[in-house]
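J.: Okay, handing you the structure first.
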Amino acid sequence: MFGAFRSTSVNLSGLLWKTPWKLSPTRKANARARLKKVDAVIEAVRASGIQCAALDRALQLPKEHEMDPRDKYTTFSPTSRGYRKGIHKVPKWTRLTLRTNPKGF
Amino acid sequence: MVASSLFRPSHFKITLRRSAIALGEKKKETLVSLGLHRRMQTVYHPHSPETAGKILKVKELVHVENVPVHAVRTQTEQRAERKASRGYQVDGSRMGALSWESR
């Protein structure tokens, strides 16, 4: 049952990677920290006094403290039950803008 | 009037914190056009709508500060500021000090 030769799903089937279905508290804290850093970038550009369409679009995004936990840690998925999946299932999710979701989902 | 304009932030100080690998050519090319080609590299650009748009295109990858013009550094100056001191100062040389040595 224990030890190096115990029969686990990893041992029995060779290559097996498992993605947890939800984020751990640490990963959620890291995600919030990243959101705050992006907010700081948008704020710095706004503070420069420059006006451009990209800034108008960026200011439309909800800030980290305005976001629902649901939107911070999950995202819309048309194929999942409940139309939601963990945001960490999205490839490159730490470097993408995934703040808004379809209304009603 | 002139002094206040010197201390007012007029440039973006942009540091690349995360790479654009596998994020697509558009974002990679945006970084190239900002003059960023390695992580933790810092560049300075004057405030302009074009630069602001580029920064916002790659806002997840960079750290941005607004700095006045006297804080702008070229890459060579940044490297010189990072360099450790040599620990000694050259006071002078005895080369050519004796009367029979040619000048």
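Readers should treat all values here as calculations from the given coordinates under stated rules, not as data from a laboratory. Just so you know, these numbers come straight off a predicted model, no measurement behind them. Quick reminder, even Gly has a Cβ in these numbers, built from the backbone with ideal geometry, and neighbours come from all protein chains shown.
J.: Considering only residues of region A:92-105 that are more than 30 Å from B:GLU65 (Cα to Cα) and in contact (Cβ under 8 Å) with a residue 24 or more places away in the chain, which is nearest to the other protein chains (Cβ to nearest Cβ)?
T.: In this case the residue turns out to be A:PRO102.
J.: Something else about it: Hey, A:GLY86 hits all of (1) touching a residue at least 12 places away in the same chain (Cβ under 8 Å); (2) out of contact with any helix residue (DSSP H, G or I) (no Cβ under 6 Å at 6 or more places or on another chain); (3) of a type in the set (Gly, Ala, Ser); (4) closer than 30 Å to B:LYS13 by Cβ but one; which does it fall short on?
T.: (4) is the only condition that A:GLY86 fails.
J.: Among what's in region A:20-44 and is within 9 Å of chain B (Cβ to nearest Cβ) and β-branched (Val, Ile, Thr), pick the residue that is nearest to the chain's Cα centre (by Cα).
T.: Among them, the one singled out is A:VAL38.
J.: Take region A:60-91 and flag every residue that is exposed (fewer than 13 other Cβ atoms within 10 Å of the Cβ) and within 14 Å of chain B (Cβ to nearest Cβ).
T.: A:GLN60, A:PRO91, listed by residue number.
J.: Only helices (runs of 4 or more DSSP H) wholly contained in region B:1-86 count here; list those with 3 or more residues that are away from chain A (no Cβ under 14 Å).
T.: It comes to B:2-7, B:25-34, B:75-82.
J.: Scan A:ARG27, A:ARG34 and give me the residue that is touching a His at 6+ places or on another chain (Cβ under 8 Å), charged (D, E, K, R), touching a residue at least 40 places away in the same chain (Cβ under 8 Å) and assigned to a helix (DSSP H, G or I).
T.: Among A:ARG27, A:ARG34, only A:ARG27 is touching a His at 6+ places or on another chain (Cβ under 8 Å), charged (D, E, K, R), touching a residue at least 40 places away in the same chain (Cβ under 8 Å) and assigned to a helix (DSSP H, G or I).
J.: Let me ask something else. Quick check on my filter: what residues within region B:1-32 are surrounded by fewer than 10 Cβ atoms within 10 Å (Cβ to Cβ) and closer than 17 Å to B:VAL64 by Cβ?
T.: none
J.: So, in region A:56-76, of the ones that are in contact (Cβ under 8 Å) with a residue 12 or more places away in the chain and outside any helix (DSSP H, G or I), which residue ends up farthest from A:VAL38 (Cα to Cα)?
T.: Result: A:PHE76.
J.: Any residue at all in region B:78-88 that is touching a residue at least 12 places away in the same chain (Cβ under 8 Å) and either surrounded by 12 or more Cβ atoms within 10 Å (Cβ to Cβ) or at positive phi (or both)?
T.: yes
J.: Does region B:57-66 contain at least one residue that is in contact with a Pro (Cβ under 6 Å, 6 or more places away or on another chain) and either within 16 Å of A:VAL41 (Cα to Cα) or of a type in the set (Gly, Ala, Ser) (or both)?
T.: yes
J.: On to the next question. Considering every residue within region B:42-64, establish whether at least one is free of Cβ contacts under 8 Å to residues at least 40 places away in the same chain and over 19 Å from A:ILE50 (Cα atoms).
T.: Scanning region B:42-64, I find at least one residue that is free of Cβ contacts under 8 Å to residues at least 40 places away in the same chain and over 19 Å from A:ILE50 (Cα atoms), so the answer is yes.
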